[in-house]
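Below you'll find the structure, written out as structure tokens, and then a few comments.
No value in this document is a laboratory result; all are computed from the given coordinates. Just so we're clear, the structure is a prediction, and the values are computed from it rather than from any experiment. Virtual Cβ from ideal backbone geometry, glycine too; neighbours counted across all protein chains shown.
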Amino acid sequence: MRAPGAEPGRPELLCGEVRTALLHSYDPVPHSSAAQLLKLRGDAPVLLSERPNLHARSPEVLTGVDCVLPSVSGARTRCVGTVRARACVNDGRVLQAAGYFGVAVAQGGERRQWSHYLARPGTVETFGRLRHDDIVRGFLGTGQTAAGVLDAGATAERLLTRVTAHPALDGNRRVPFKSRRTRLRWTARAAPDGEAVIEGFTLAEGGLRTLALRLPASTLAAPGVVAAFCEDIAQHDWLLTNLVHLVERGRLGSADRARAVRSLSPAIDQLLHLWMPGARVAKELSPLWDVLEGEPGFSRQWQTLVQRIRDQLALHTISLLHAERVPAEHMTTH
Amino acid sequence: MTSVFHETAAEPQTRSVPLSHVSLELGHLYMEDFAGGPERLREHFAKIAPWAETARAAAAAAVPRGRPRISTCFLIDDYFTRFSSPAELVPMVLEAAKESGLVIDYLARESACARAGETDVARVVEQRLVESPAPGSDGRRPPAGEVGWLSNGARTPGTSPLDVPLQALSPRTPWQPPRETAARRHSVFVDVELWDEPEQRRVWSCPFLAAVWQLARLGLLRHRGEPLLVPQDHPGAFPEDWDALPSVIRLNERAAAFSAYRIWSLLPSRFLPVEHAVRVILEQTEVEPGPLAQAAERAMAEGITLPEEIPDRIAYVFLPES
Amino acid sequence: MLLFSASDKGGTGRSVTSANLAYRRALSGDDVCYLDFDFGSPTAAAVFDVPRVVRGVTSGGLHSYLQGDVPEPMLVDVWADTEHEALRTRPLGSGRMVLLPGDSGGGEFALGHDTVGRCVSLLQRLEEEYDLVMVDLSAGRSYAVDMVLAATAQPGLAELTSRWLVFHRWTRQHVIAASGLVYGDRGILAAGVGHGHDGDELREAIRFVRAAVPDPEAVPWNQVPAAQVSWMRKCDEQLMDLAARLDAADSRRLGTVPLEPVLQWREVLITDEDADSGVANTATRDALVELAGKLTLDEEWGER
């Protein structure tokens, strides 16, 4: 049984995973170097954008797959096609790699010539029934993806490794602070009433986040746009995750304020200016950011953390000034 | 949805090329054929001529409306061996064709399929290869590619230097046959050598350059959005040096466009294995979406339905050798 | 920081001491990961008491990763997965403690295509996240040793801080063997130079750790008959001499871990609870704490 209006070959469902990491470099890399890192192929250019922030995006690469789709029910639905992967560097500091694909129903029950699949890049075709719920729940599951099951995260990981291994980074690889990687698994399927909604956003263990979307058919037809939205969410979730971690490790409020300020300096130098939710999100998806701002309140938490850091800095500065002035006052009384 | 702000470096562009209905390739010769002199060339074109006529008629019949645009072309092998000079050889070829009533609209050099000007054309195509996955490929392991080779299925396990069993005490596995992925019950397994590197110099194989050539004829070759192997006008006298000859030259001012929706190659039958290899390569080449969409849209406007799979746009006539 | 644990022979307490050092660093707030590169006989999971991976994992462990079968190796969060009672509640202010197990039935394996490249990528990636990356290497001049020497000589890793601990027991044979492992013809230094390391820098990055050392002046050894005590003292002095001659002397020694009865019975983490309750010797705990502290003290490593 197919969803009403579904037709063979047209993706009914999008799935993807974004991995976000600190770029291996002490200082943010210049925009031109980011372009060099992301030059995965000679024939297609790296896309460079400078407004409203520095963003470099690699050309997409395809990986062929012939395996089964994720599932919670244990259904072994075979799929054949290609998974897209792309990487981007934001403000020379944050590296992201994304793997994503659309799922469509195949016409006929046999695998076709490979060129058939290359004519639909980024789509896998399934033989047999497409159980959206089962696939979505399977894909967003927190467990490890079993062998033989389509793994979009693996293609993202390989790309992340490839960019990270670029010799252009050698010589400046010490990172300014230890950071945690995050993985955002996302799915998008048709919205019954044509309105974009977030069905769920979950923080799981080990840096895993899941995001389930419902989108109008016109947006589903532009997987790159949906992937860009998810990259934006992933980047801001990564920023929050790492700022929280840095503040925790800095033991704010403990007696040794100088130490706390010292441990926070990488955050001040490297992270605080990166917050720009929705900077590269298509207009039709930007209302979804407002939803996340309402709950869990990304920017609210970020602003609170930033304010705490600034307060610490201010208090530290005052105490330094005070420490300088005290001996001076002693001088004048004598 | 339109936006008021644009950045050119952030938006991919693809330049389009003019397209004929059909491009006919009037045979192909090795250097030893040229060494056979004008007589050998005349023989070649005399054999091609009736089939070229048939192909032209069949192609014209498939054009739904308007005058059929059909161009002809010929590829000279100056890559593997250099023979004579353009000044001497090109007029000889044109003359021999003319005697059989054939007009060569475009002449191309095979070495331009490897490198044209500053562009490593063959590398551009190599980077667009997406290997057909064997059943069980889940994206976790990179395609089990052999560097410099491309097959149409799964090789016999354990024959690759890359999959040496690394772990001590791994059991030896018995021999397994290779398998064509799209086999209809029985396999026709092909493993195509794309290039080798004697003395650190990359030498592209004949099938790989032929695949590049067919993509150029289909108008699907781009480098950073710019078309490659774009025909230039006949320079007057032909030069003494092959390198001085443009990649593709237009010999007939009134010729229809070089690239076409569909292409025919009329070839001596000894080229069958090469063209089989070309299909193996093209079937695993991801063509840029820009030029693909441009060709499809224009064809549609002319009432023509293009096969979406690239190998299906190529037709062959294999001719007897003697 | 990358820290490699090597030993010439098995039974030197290399794995158990390394695991204890990792544990101590995590307690002090560092994010720590521990890689079980003891390909022949994985023991780390037993020390951290993670039963589900105690014999390695069936797939997706370090072997699978290094051979390119999986894009990333499996990680085990020790605080969450351990069965060790004292470890189940993660202490306040402690860092993460993560184990990367080997594959069961992995066995020792030869350097294959791109194995070194994958090793480089893995260590770079862990260095991005963890304060301490501890790599427990198979005993002897193993492929594991060779692989990490090749990896750390690559441009993408050479600039990161790598340090080596060479464990040996306090006997004549062990001292000679450990010295041979470092300075011998096919030892770490020679192999490292062969892979492109600077010999002097590599030499400065290697320190010896004496493990399971009986102290003739402490209980129970000082309670044996006087003749035995003086014999032991003499042995101890001779070993000092020998070590000095073999360049494994005090200047090259990072620390000494006393002979610990608990570790004679079972490879475990020595918790503060063990020490405070008298199950383990406080001297052992103190030695581990001191040694863990020295791992990052630059002056202990000939650096200013």
_About the Cα centre, charge dipole magnitude for region B:41-142 (Lys/Arg +1, Asp/Glu -1 at Cβ), debye_ = 440 debye
*Leading residue at positive end of dipole, chain A (Cβ point charges), from A:P121, A:S263, A:L159*: A:L159
*Suppose every K and R has +1 on its Cβ and every D and E has -1 on its Cβ; what is the size of the dipole of region A:13-220 about the Cα centre, in Debye to the nearest 20?*
340 debye
*In Å³ and rounded to a whole number, note down the convex hull volume per residue for the Cα atoms of region A:240-327.*
100 Å³
*asked:* Can you give me the Kirkwood hydrodynamic radius for the protein assembly as shown, using every pair of distinct Cα atoms, in Å to one decimal?
replied: 32.1 Å
_Net charge over other residues, Cβ less than 9 angstrom from the Cβ of C:L62 (K, R count +1; D, E count -1)_ = -2
_Can you give the FRET efficiency to the nearest 0.05 for B:S85 and B:S187, using r as the Cβ-Cβ distance and R₀ = 51 Å?_
0.65
*Amide H neighbours of A:V94 under 5 Å, at least 5 residues apart or on other chains, H built in the peptide plane: list them.*
A:L23
*All other residues with a Cβ under 12 Å from the Cβ of B:V17 taken together, and with Lys, Arg as +1 and Asp, Glu as -1, what is their net charge?*
+3
*Hey, what's the Cα Rg ratio for region C:92-240 versus the globular rule of thumb, 2.2 N^0.38 Å?*
1.30
*Scan around B:A256 for amide H atoms under 5 Å from its own, H built in the peptide plane at 1.01 Å from N, and keep only partners 5 or more places away or cross-chain.*
B:I70
_Placed amide H near C:N281: partners under 5 Å, 5+ positions off or other chain_ = C:V262
*Using the Karplus curve 6.51 cos²θ - 1.76 cosθ + 1.60 with θ = phi - 60°, work out ³J(HN,Hα) for each residue of region B:260-273 in order, rounded to whole Hz, and write x for Gly and Pro.*
8, 4, 10, 10, 10, 10, 9, 9, x, 5, 5, 8, 4, x
*Between region A:217-253 and region B:244-318, what's the alpha-carbon centroid distance in Å?*
45 Å
*Ratio of region B:188-322's C-alpha Rg to 2.2 N^0.38 Å, to two decimals?*
1.18
*What's the Cα-based Rg to Rh of chain C, Rh via Kirkwood?*
0.96
*Tell me what chain C gives for mean residue ellipticity at 222 nm when only DSSP H runs of n ≥ 4 count, each as -39,500 (n - 2.57), the sum divided by the residue total, rounded to 500 deg cm²/dmol.*
-12000 deg cm²/dmol
*Counting Lys and Arg as +1 and Asp and Glu as -1, each charge on the Cβ, what is the dipole of the protein assembly as shown about the Cα centre in debye, to the nearest 20?*
1460 debye
*Compute the semi-axes of the equivalent ellipsoid of chain B, taking the square root of 5 times each eigenvalue of the Cα gyration tensor, and list them largest first in whole Å.*
35, 26, 21
*So for C:K294, A:K283, fewest C-beta neighbours within 10 Å to most, what's the order?*
A:K283, C:K294
_Two-site label geometry, B:A58 and C:E159: point separation in nm, points 7 Å out along Cα→Cβ_ = 6.1 nm
*Would you mind giving the average projected area, over all directions, of the Cα convex hull of region C:1-138 in nm² with one decimal?*
7.8 nm²
*Could you compute the FRET efficiency for C:D185 and C:L242, with r as their C-beta to C-beta distance and R0 at 22 Å, rounded to 0.05?*
0.70
*Cα pair distances exceeding 18 angstrom across region C:6-82, given as percent*: 43 percent
*If the viscosity is 1.567 mPa s and the temperature 4 °C, what Stokes-Einstein diffusion coefficient in µm²/s follows for region A:13-220 when Rh is the Kirkwood radius over Cα pairs?*
71 µm²/s
_For region C:233-304, alpha-carbon Rg relative to the globular expectation (2.2 N^0.38 Å, N residues)_ = 1.33
*Remind me, what semi-axes does region A:24-102 give for its equivalent ellipsoid, largest first in whole Å, using sqrt of 5 times each Cα gyration tensor eigenvalue?*
32, 14, 10
